[in-house]
Amino acid sequence: MSEKAAVAALTQGFEAPAPAERPADSAAARLQRMSARRQAALDDQKRSFLRMVSHELRTPLNAIIGFSEILSSELYGPMGQPQYQEYAKLVHESGHRLLRLVNQILEIARLEGHVVDLSVDTEPLAPAMEYAAESLRDELAARQARLELVGLDEALEVRADAKGLRTILGNLLQNAIAYSPMGAPIILRASRDGDMVEISIEDCGEGVDPRDIPRLLRPFEQGESTLSRAAEGAGLGLPIVQLLCDAMGGTLRIVSAKGEGLRAVVRLPGA
């Protein structure tokens, strides 16, 4: 028997199996891919919407604020009747409030849609607090509020996005100003706690029922009813702070009780 015939005889019945067919995708896998494609399309639509709203609302608002400021300051001469100057100031203030609301709504949409990029780096805390206080100088003066810094080390640093850190401090400070009695102190504390830095902003307002605290962390909610609330705003400050803290590896905790004011405690990674 030839060598070729012998090999053929030995291998008879032992043919190599055909390559296995790739199993058909399961219905769950197809649904998952379809869901991912829909989510990506929605994210693209949200980005386009945010760009459109940012331009179409901010541009006219900036014009309203700018021209009303020129009118109220009578930059090009007196307007005649004093009422006109008063009305121009009201338009200017209303424009600022509306622009602040637009910015907050855009920030909520970006954070909830995960379409905002944060650049986390080492940030000194003291300059960020000074920036927040300076940006709210008029509100502080209107309420005759006194800022009291307790235990702030000038060398204290956190790991945070610079803009996000200023937004957190500004929103918490603005919330404290809005609900503080006239002339009452607002207490800012900051200290290192292990690997974290704890920042608290405390007001002397009426406070809220502890059962209402989870509701305050939802967008468009406030401590008072919409019919009786004394402070302006859409209730977006605290939800924005919580979303920013989560995005930067930190936490937000609210401590309050009726008649005992409100204390917002932020913990961020220390540098």
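Just the residues that are open to solvent by 100 Å² or more (accessible area, probe 1.4 Å) and either of a type in the set (D, E, K, R) or more than 40 Å from the chain's Cα centre (by Cα) (or both), please, taken from region 73-88. Selection gives P78, Q81, E86. Residues in region 254-269 that are surrounded by fewer than 18 Cβ atoms within 10 Å (Cβ to Cβ) and closer than 23 Å to P124 by Cβ were compared, and the one that is nearest to the chain's Cα centre (by Cα) is V265. Taking the conditions (1) out of contact with any helix residue (DSSP H, G or I) (no Cβ under 8 Å at 6 or more places or on another chain); (2) closer than 24 Å to N62 by Cα; (3) touching a residue at least 24 places away in the same chain (Cβ under 8 Å) in turn, I108 satisfies each one other than (1).
Per the listing S180, S191, S200, the residue uniquely of a type in the set (S, T, Y), within 20 Å of the chain's Cα centre (by Cα) and modelled with pLDDT of 85 or more is S200.
Being at pLDDT below 80 and exposed (fewer than 12 other Cβ atoms within 10 Å of the Cβ) narrows it down to one residue among R110, R51; which is it? It is R51. Which of the residues that make up region 87-105 are over 30 Å from Q45 (Cα atoms) and touching a residue at least 12 places away in the same chain (Cβ under 8 Å)? Listed by number, the residues that qualify are A88, K89, V91, H92.
Would you mind stating whether P239 is at pLDDT 60 or above, within 30 Å of L118 (Cα to Cα) and either open to solvent by 20 Å² or more (accessible area, probe 1.4 Å) or under 16 Å from the mean Cα position of the chain (by Cα) (or both)? So P239 passes the test. The one condition from (1) at pLDDT 85 or above; (2) closer than 20 Å to D161 by Cα that A271 does not meet is (1). Once region 147-166 is narrowed to residues that are closer than 14 Å to P124 by Cβ and in a loop (DSSP other than H, G, I, E, B), the residue that is modelled with the lowest pLDDT is L152. Filtered by the rule that a residue be surrounded by 12 or more Cβ atoms within 10 Å (Cβ to Cβ) and in a helix (DSSP H, G or I), region 137-146 gives E139, L140, R143.
Checked against (1) part of a helix (DSSP H, G or I); (2) surrounded by 14 or more Cβ atoms within 10 Å (Cβ to Cβ), E134 meets all criteria but (2).
Here L125 clears all of (1) of a type outside the set (D, E, K, R); (2) open to solvent by 60 Å² or more (accessible area, probe 1.4 Å); (3) modelled with pLDDT of 85 or more except the condition numbered (2). Note on region 111-131: residues that are assigned to a helix (DSSP H, G or I) and touching a residue at least 12 places away in the same chain (Cβ under 8 Å) total 7.
The values are calculated or read from the model by the stated rules, or taken from the named source; none is laboratory data. Given the structure is predicted, the values throughout are model-derived calculations rather than measurements. Don't worry about glycine lacking a Cβ; one is built from the backbone with ideal geometry, like all the others, and counts go over all protein chains shown. Note: accessible area is taken over every heavy atom of the protein model, side chains too, but ligands, DNA and RNA are not part of it. Shrake-Rupley method; radii C 1.70, N 1.55, O 1.52, S 1.80 Å.
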